[in-house]
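Beneath this line is the structure, given in structure tokens, with notes to follow.
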Amino acid sequence: MEGSSGDGAAASVPLAKWRNDFSRAFQYYLDRSTPHTLGRWLGTLGVAMIYWLRVYYVQGFYIVTYGLGIYLLNLLIGFLSPMVDPELEVSDEPALPTRGSDEFKPFIRRLPEFKFWYSITKAFCVAFVMTFFSVFDVPVFWPILLCYWIVLFVLTMKRQILHMIKYKYVPFSMGKQRYGGKKTSASSSLSKD
């Protein structure tokens with residue numbers, strides 16, 4: 001009997017080594033993909049299209065898609081929300097300025113872009129795998145789920161946009177702000193001619 005427990009421990013060592021090696025390789029490629037935002041999102045778009053095609057051709061798994069939609073909505077709210085909500089928390093960390101006299105503090109997301117992307121990609125992959133198990137194909141009338149999700153989305157986004165307006169923050173930036181600067185007198189004299 002003692003020999004059999006020793007064999008189990010010896011068998012688990014290569015499995016643990018393989019899992020550790022796989023985890024390192026996966027993390028290595030994740031780290032390398034970090035600066036390639038457009039490529040990452042295009043890959044996620046591809047994964048999403050494969051999922052949608054699978055659901056379309058199978059004509060089922062609407063409850064899985066509804067759950068995926070609710071999860072994506074939750075991620076979107078985290079992505080659009082500031083790390084410190086001025087309504088709820090008082091913190092020593094950077095917060096949103098609430099008055100014109102407050103000093104500028106950058107917008108820090110509750111859910112950073114990379115984690116947002118990674119969570120969305122994982123969610124589509126998990127939902128895709130779920131479409132291969134008939135236990136998740138619950139018969140539902142999908143138009144009702146779609147209408148309910150749209151109402152939920154509109155109400156949630158309305159609340160989020162009102163929060164953005166109230167605390168005067170925009171969670172998006174389109175690169176660095178560019179200033180015109182001073183024009184040289186030579187260029188202004190050329191324009192007068």
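Answer yes or no: is there a residue in region 134-142 that is modelled with pLDDT of 85 or more, under 30 Å from residue 36 (Cα atoms) and open to solvent by less than 90 Å² (accessible area, probe 1.4 Å).
Scanning region 134-142 turns up no residue that is modelled with pLDDT of 85 or more, under 30 Å from residue 36 (Cα atoms) and open to solvent by less than 90 Å² (accessible area, probe 1.4 Å).
Where residues in region 10-43 are among the hydroxyl-bearing types (Ser, Thr, Tyr) and part of a helix (DSSP H, G or I), which of them is nearest to residue 129 (Cα to Cα)?
Per the criteria, the residue is 23.
Which one is most open to solvent (accessible area, probe 1.4 Å) among residues in region 166-176 that are charged (D, E, K, R) and modelled with pLDDT under 80?
Among those residues, the one meeting the criterion is 176.
Within region 118-126, is there a residue that is under 24 Å from the mean Cα position of the chain (by Cα), at pLDDT 90 or above and polar (S, T, N, Q)?
yes
Among the residues of region 143-164, write down those that are over 18 Å from residue 72 (Cα atoms) and surrounded by 10 or more Cβ atoms within 10 Å (Cβ to Cβ).
Correct list: 144, 162, 163, 164.
For region 44-61, give me each residue that is assigned to a helix (DSSP H, G or I), aromatic (Phe, Trp, Tyr) and surrounded by 15 or more Cβ atoms within 10 Å (Cβ to Cβ).
Result: 51, single match.
Residue by residue through region 32-48, note down the ones that are free of Cβ contacts under 8 Å to residues at least 40 places away in the same chain and closer than 15 Å to residue 72 by Cα.
45
For the structure I just gave you, tell me whether residue 91 is of a type in the set (Gly, Ala, Ser) and at pLDDT below 85.
Against the criterion (of a type in the set (Gly, Ala, Ser) and at pLDDT below 85), residue 91 qualifies.
Counting just the residues of region 108-133 that are open to solvent by 60 Å² or more (accessible area, probe 1.4 Å) and among the charged types (D, E, K, R), which one comes out farthest from residue 85 (Cα to Cα)?
Checking each candidate, the answer is 122.
Looking at (1) at pLDDT 90 or above; (2) open to solvent by less than 40 Å² (accessible area, probe 1.4 Å), which is the one condition that is false for residue 81?
(1)
Has region 144-165 got any residue that is at pLDDT below 85, of a type in the set (Phe, Trp, Tyr) and out of contact with any Cys (no Cβ under 9 Å at 6 or more places or on another chain)?
Looking for residues that are at pLDDT below 85, of a type in the set (Phe, Trp, Tyr) and out of contact with any Cys (no Cβ under 9 Å at 6 or more places or on another chain), one finds none in region 144-165, hence no.
The values are calculated or read from the model by the stated rules, or taken from the named source; none is laboratory data. The shown structure was predicted, so the numbers you read here are calculated from the model rather than taken from an experiment. Every residue, glycine as well, gets a Cβ built from its backbone with ideal geometry; the counts of neighbours run over all protein chains shown. Side chains are part of the model used for accessible areas, which takes the heavy atoms of the whole protein and leaves out ligands, DNA and RNA. Shrake-Rupley method; radii C 1.70, N 1.55, O 1.52, S 1.80 Å.
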